[in-house]
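Below is one structure; the comments refer to it alone.
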Amino acid sequence: VFLATKGTACGLRIREMIGDESVRFYFSPYMRARQTLLAILKAFDDQEVEVASEPRLREQDFGNFQDPERMDLIFKEREKFGRFWFRFPNGEAGTDVFDRTSDFISSMFNGMDRAGLHDGETKIPAEKIENYVLVTHGLLMRIFCMCYLKWTVVEFEQVWN
């Protein structure tokens, strides 16, 4: 219930900000992001929007079969290396998330210039899209800001969810 309530409130705020302008939503394929997207889209029931699943917007991979006790030790170890540099066993480092986020940003900007660069049928030509909304996860959103705003690693590590 909390997620749906918060997502609906976010949707209303986004709709208020962009009004009737065109919008493309990119979303992580993970369940929580999809649920959030559905809640947000309630505010756009009367408007045609573009929606595209984007696997590069998924959360950092923390490794397979996460044992809670072991994860406590791993998170303590991560603090020694830094959140950006540490690679989870059988998972990703923040640097991996940075690379795929940077790749996504390049694709998104290329797609702004011409249609057909994302999966699915387009309802609105790419050059007509006025707004882009990302529905993703905390760490990935911070790394998106790092890429887009040219933050240093030190600046990134000062920001939390």
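Return the calculated 222 nm mean residue ellipticity for the chain, to the nearest 500 deg cm²/dmol, obtained by summing -39500 (n - 2.57) across DSSP H runs with n ≥ 4 and dividing by the residue count.
Helix contribution divided over all residues of the chain: -15500 deg cm²/dmol.
Translational diffusion coefficient of the chain at 10 °C, 1.306 mPa s, Stokes-Einstein with Kirkwood Rh over Cα pairs, in µm²/s as a whole number.
After rounding, the answer is 93 µm²/s.
Once you sort the root eigenvalues of the Cα gyration tensor of the range 1-49 as a ≥ b ≥ c, which label holds: rounded (a/c under 1.5), prolate (a/b larger than b/c) or oblate (the other case)?
Taking the square roots of the gyration eigenvalues as a ≥ b ≥ c, the range 1-49 is oblate.
Among 24-30, 67-73, 152-158, 9-15, how do they line up by average Cβ neighbours within 10 Å per residue, starting with the highest?
24-30, 9-15, 152-158, 67-73
Extension gain GLU21-ASP103, at 0.36 nm per residue separation less the Cα-Cα distance, in nm?
Gain on stretching GLU21 to ASP103: 26.9 nm.
Anything in the chain that counts as a DSSP H helix reaching 18 Å or more along its axis (C-alpha) with Kyte-Doolittle mean of at least 0.0? List them, would you?
2-18
Tell me the label-point distance for the pair GLN158, MET31, using the 7 Å Cα-to-Cβ offset, in nm and rounded to one decimal.
Placing both labels 7 Å beyond Cα along the Cβ direction yields 3.8 nm.
Rule-based calculations on the coordinates, nothing more; no lab input. What you see is a predicted model; the values in this text were computed from it and never measured. A quick note on method: Cβ atoms are made from the backbone with ideal geometry, for glycine too, and the neighbour counts reach across all protein chains shown.
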